[in-house]
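This report concerns only the one structure given below.
The values are calculated or read from the model by the stated rules, or taken from the named source; none is laboratory data. Computed from a prediction, not measured in an experiment: that's the story for all the values here. Here Cβ is always computed from backbone atoms with ideal geometry, including for glycine, and neighbour counts include all displayed protein chains.
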Amino acid sequence: MADWKLLGMAALVPMAVLTQGAVKPAPKGPVVVYSEMHDHVAAKAQVLWDITNATLDDEGNPSAKKMKPADWIKLKAALADLSASLNRLGGAKSFVVRGPGQKILDEDTTGGAKPADIQHHIDANPAGFRQYATALARQIDGIGKAADRRDLKTVYEAASELDGQCETCHQTFWFPKDAQ
């Protein structure tokens with residue numbers, strides 16, 4: 001019975017990966033940065049971190065024994081969605097920070113990032129913004145290849161580096177005053 005379950009889960013991997021990565025094609029108009037970041041990039045990066053952190057053994061090392069087949073499926077789906085979102089950002093002709101009716105998380109907080117300021121930073125260097133997104137997409141694709149090989153050590157190490165890359169982009173486009 002267990003063999004049938006594994007076979008069934010193995011059959012779901014390509015479907016989960018394909019549907020997650022193909023959910024949303026590149027829009028004809030501007031890409032809404034907040035939607036991509038909130039709904040895809042942050043959400044799927046969190047899935048990546050949650051899965052990899054749950055594999056740590058008592059010494060703080062990733063243990064493949066703690067990865068279940070369902071974890072690999074969930075990981076691959078998250079990576080596919082994350083890559084697709086970053087590729088939408090990397091291939092966008094133009095950007096709008098937020099869509100109609102959207103509020104970014106801390107825009108009403110004193111000292112919080114303001115949409116007009118973020119828009120100004122992105123508009124001042126859209127090629128740089130695309131470069132950050134494209135570079136991060138390539139890193140995510142590399143993590144996906146390591147996940148295909150079930151190389152948890154490489155997945156974990158690369159996932160651990162993502163936070164610094166995210167922070168660099170945020171300091172450039174979201175909170176440049178804080179970087180000074």
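Here is how the numbers come out for the structure above:
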{"item": "Test: residue in region 144-151 that is basic (Lys, Arg), under 24 Å from ILE51 (Cβ atoms) and without any contact (Cβ under 8 Å) to a residue 12 or more places away in the chain", "result": "yes"}
{"item": "Residue count for region 151-176, restricted to those that are at pLDDT below 85 and aromatic (Phe, Trp, Tyr)", "result": "1"}
{"item": "Condition check for THR110: at pLDDT below 95 and either within 19 Å of ALA43 (Cα to Cα) or among the acidic types (Asp, Glu) (or both)", "result": "no"}
{"item": "Any hit, region 120-128, residues being over 16 Å from LYS44 (Cα atoms), in contact (Cβ under 8 Å) with a residue 60 or more places away in the chain and either among the small types (Gly, Ala, Ser) or in contact with a helix residue (DSSP H, G or I) (Cβ under 9 Å, 6 or more places away or on another chain) (or both)", "result": "yes"}
{"item": "Output for region 88-119, where each listed residue is buried (at least 17 other Cβ atoms within 10 Å of the Cβ) and in contact (Cβ under 8 Å) with a residue 24 or more places away in the chain", "result": "ARG88, LEU89, GLY90, ALA92, PHE95, VAL96, VAL97, ARG98, ILE104, ALA113, ILE118"}
{"item": "Of the criteria (1) surrounded by 15 or more Cβ atoms within 10 Å (Cβ to Cβ); (2) modelled with pLDDT under 95; (3) among the hydrophobic types (A, V, I, L, M, F, W, C), which one ALA179 fails", "result": "(1)"}
{"item": "Number of positions in region 161-180 that are polar (S, T, N, Q) and without any contact (Cβ under 8 Å) to a residue 24 or more places away in the chain", "result": "2"}
{"item": "Selection count where residues are farther than 19 Å from ALA137 by Cα and small (Gly, Ala, Ser), scope region 52-86", "result": "5"}
{"item": "Any hit, region 23-34, residues being loosely packed, with under 12 Cβ neighbours inside 10 Å, at pLDDT 95 or above and over 24 Å from ASP151 (Cβ atoms)", "result": "no"}
{"item": "Verdict on SER83 being in contact (Cβ under 8 Å) with a residue 24 or more places away in the chain and surrounded by fewer than 17 Cβ atoms within 10 Å (Cβ to Cβ)", "result": "no"}
